[in-house]
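Notes follow the structure.
Just so you know, all these numbers are worked out from the coordinates, no wet-lab data involved. Source: prediction; values computed, not measured. Cβ: placed from backbone, ideal geometry, glycine included. Neighbour counts: every protein chain shown.
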Amino acid sequence: MAAASDSPAVDIRDLDVTFVTDGGDVHAVRGVTLDVRRGEVLAIVGESGSGKTVTSRTIIGLLPETATVGGAVLLDGLDIVGLDADALREIRGSKAAMIFQEPSTALNPVFTVGWQLAEGLRAHGGYTKAQAKKRAVEMLARVGIPDPAKRVDDYPHQFSGGQKQRIVIAMALALDPTVIIADEPTTALDVTVQAEILDLLRDLRDQYGTAIVLITHNMGVVADLADRVAVMLEGEVVETAPVKELFAAPRHEYTKRLLAAVPRLELADRTLSADEQAAEPVVQAEQLVIEYAGRFGRSAFRAVDRVSFAIRPGEVLGLVGESGSGKTTIGRAIAGLTPVAGGSLRVLGVEMNGVKERQFRARRKDLGFVFQDPATSFNPLLTIAQNVAEPLVVHSDASDADAARDRVDELLDAVQLGGSFGDRFPHELSGGQRQRASLARALALDPKLLIADEPTSALDVSVQARVLELFRELQERFGFATLFITHDLAVVDMLAHRVVVLHKGVIAEEGPTGQVLGDPQDAYTKRLIASLPVPDPAEQAVRREAWRAS
């Protein structure tokens, strides 16, 4: 690990960034001064629009042509502000590299991962085809991909989400850059996979002296990995401190609010009323089996294997587990989007095993769905009001969006947006505002059952806290049953009456939320809980060792 007294790998001085837009100039970054040393992890945190991603992208010259940059960004002593495209191309990969948030979009699906790794090496010269492939195998081995000599010829779709993120890290490391910019590198990952990726980044810092700029909204990740933290608000750095000092004694009011918004495991049981407990379940699964048909003569893949659970009126059931555990598959089956192969699944009184769409269509208005990414679930050509009105029009509760406007305004008020937001388009809303509008659309028909699939995983911590609090208020007010699918155990603890832990298509553990999370009996549940980073550097260091031991 490089000594702290070494000259900075990155030295940002009085950075100003302004974007020219149709609506006028946007001053995104104002007078930012930061440095990152070799062998150090600097976390930059703040809400969407705070300027953290813009600041980090100036290090690698990835801002659009509409940006005007002032100040200095010294990368290994070289000021990159004002460099032309050819000069920037030379430093990308060799001096600075970026790990993007979503590996599925960062990797080209039509080329093998080995080819994509070698492409960057060949672009900088000095590698023959054979040498580049050998280096690609070495890099896959370094980031923990099993059997790298064989897997180097596989395509991205043949890897899990965590493995794809490791491959993106391998691509960033291929030319041994001075600094790596990690932009939300674990947001879309399950907690166990996230723990593995954080361990890998920690090894890069400690073994190779790599400087890392970490952009994240997860304060647990900051506590787990960062050495120093810079807090940004409205384009300015409002506080910088060593990680332990910042968590123990935050100085700025905004930092205090940010830390206060982090969901924590409190293990407080939520209970149903006697009437709700005695009521007929809204969803009843008994020995449920869901399979995906095999291709090219292969046998079917069993995604869900003899699972039994119930969701009663007014109950929130948290469904947790890693990618591939079957939780989203169950959500899709309840919504009638994936067929049932065996056992029984009754949804709103309809047996889904062998059901025809015409049999279930009448009950669809009793079922709402909140998607993980509202940006892709909204029609970008329609206003928010038109998008929210869509279920009302489809189910003939309104002749058109204009006729539904009073109901839409009422819904937007309920999710704390206000009717004026209805006239905006989806791209004119922030992520948290879009998710609130998505919740309004899901509630448009007063559903008896709501399916929420990772609805807050991509939101900033303070925005997430507001959306979750709103969700809890609306659930208690309207009394709809909810299947809440997530990999964030702290969110489950905040909302759910009961929790079901899925592992490879079977139930590992189930019961009241406080009981399962407070006194887990199954080894897999214990590992899930140990993998969840907490916003306390000292406690997280202890938990990290417990996770490694598990």
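Entry note, the range 442-484: relative contact order of 62 percent, from Cα contacts under 8 Å with a spacing of 6+ residues.
Taking a ≥ b ≥ c as the square roots of the eigenvalues of the alpha carbon gyration tensor, the range 2-151 is prolate, as a/c is not under 1.5 and a/b beats b/c. When the charge dipole of the range 10-260 is built from unit charges on Cβ atoms (+1 for Lys and Arg, -1 for Asp and Glu) and taken about the Cα centre, the candidate among 28, 51, 100 whose Cα reaches farthest toward its positive end is 100. What the Cβ-Cβ distance of residue 130 and residue 176 gives, at R0 = 25 Å and to the nearest 0.05, is a FRET efficiency of 0.80. Taking 7 Å along the Cα-to-C-beta vector as the label spot, tell me the residue 110-residue 276 distance in nanometres, rounded to one decimal. The answer from the label model is 5.2 nm. In terms of surrounding Cβ atoms within a 10 Å radius of their Cβ, 482, 240, 383 rank from fewest to most as 240, 383, 482. For residue 450, the residues whose amide H sits under 5 Å from its own are 368, 481, 482, 483, ignoring neighbours fewer than 5 places away on the same chain, with H placed 1.01 Å from N. Distance between the modelled labels on residue 19 and residue 147, one decimal in nanometres: 4.4 nm (7 Å Cα→Cβ projection). Taking the DSSP beta bridges with both ends in the range 405-536, the antiparallel portion is around 55 percent. Kindly identify the range 274-531 as rounded, prolate or oblate by the Cα gyration tensor criterion: order the square roots of the eigenvalues as a ≥ b ≥ c, call it rounded if a/c is under 1.5, otherwise compare a/b with b/c, prolate if a/b is larger, else oblate. Taking the square roots of the gyration eigenvalues as a ≥ b ≥ c, the range 274-531 is prolate.
At an R0 of 51 angstrom, the distance between the Cβ atoms of residue 207 and residue 300 translates into a FRET efficiency of 0.70.
By the beta-carbon count within 10 Å of each Cβ, the least crowded to most crowded order of 216, 66, 187, 338, fewest first, is 66, 187, 338, 216. Size descriptors for the chain (Cα atoms only): Rg and Dmax, in that order, 24.6, 73 Å.
Seen from residue 78, the other residues with C-beta closer than 12 Å to its C-beta sum to a net charge of -3, counting Lys and Arg as +1 and Asp and Glu as -1. As a rough footprinting exposure proxy, the listed residues 164, 129, 448, 256 were ranked by other beta carbons within 10 Å of their own, and the order from fewest upward is 129, 256, 448, 164. For the range 236-297, the set of GluC sites (Glu not before Pro) satisfying both a DSSP loop assignment and a count of at most 16 other C-beta atoms within 10 Å is given as 266.
For the chain, give me the percentage of DSSP beta bridges that are antiparallel, rounded to the nearest 5 percent. Counting DSSP beta bridges with both partners in the chain, the antiparallel share is about 55 percent. Residue-wise HN-Hα couplings along the range 229-239, as the Karplus relation 6.51 cos²θ - 1.76 cosθ + 1.60 with θ = phi - 60° gives them from phi, are 10, 10, 9, 10, 9, 6, x, 10, 7, 9, 7 Hz; Gly and Pro carry x. FRET efficiency for the residue 400 to residue 287 pair, using the beta carbon distance and R₀ = 51 Å, is estimated at 0.70. Computed from backbone phi, the HN-Hα couplings of the range 434-447 come to 5, 5, 5, 5, 5, 5, 4, 5, 5, 8, 4, 9, 6, x Hz, rounded to whole numbers (Karplus: 6.51 cos²θ - 1.76 cosθ + 1.60, θ = phi - 60°; Gly and Pro given as x). State whether the range 334-448 is rounded, prolate or oblate according to the following rule on the C-alpha gyration tensor (a ≥ b ≥ c being the square roots of its eigenvalues): a/c under 1.5 gives rounded; otherwise a/b larger than b/c gives prolate, and the remaining case gives oblate. Because a/c hits 1.5 or more and a/b exceeds b/c, the range 334-448 counts as prolate. Rounded to the nearest 5, the antiparallel percentage of DSSP beta bridges internal to the range 274-531 is 55%. Residue pairs exceeding 32 angstrom between C-alpha atoms, taken from 52/526; 256/504; 52/129; 95/504; 356/448; 52/150: 52/526; 256/504; 52/129; 95/504; 52/150. Note on the chain: with charges restricted to the Cβ of Lys and Arg (+1) and Asp and Glu (-1), its dipole about the Cα centre is near 1740 debye.
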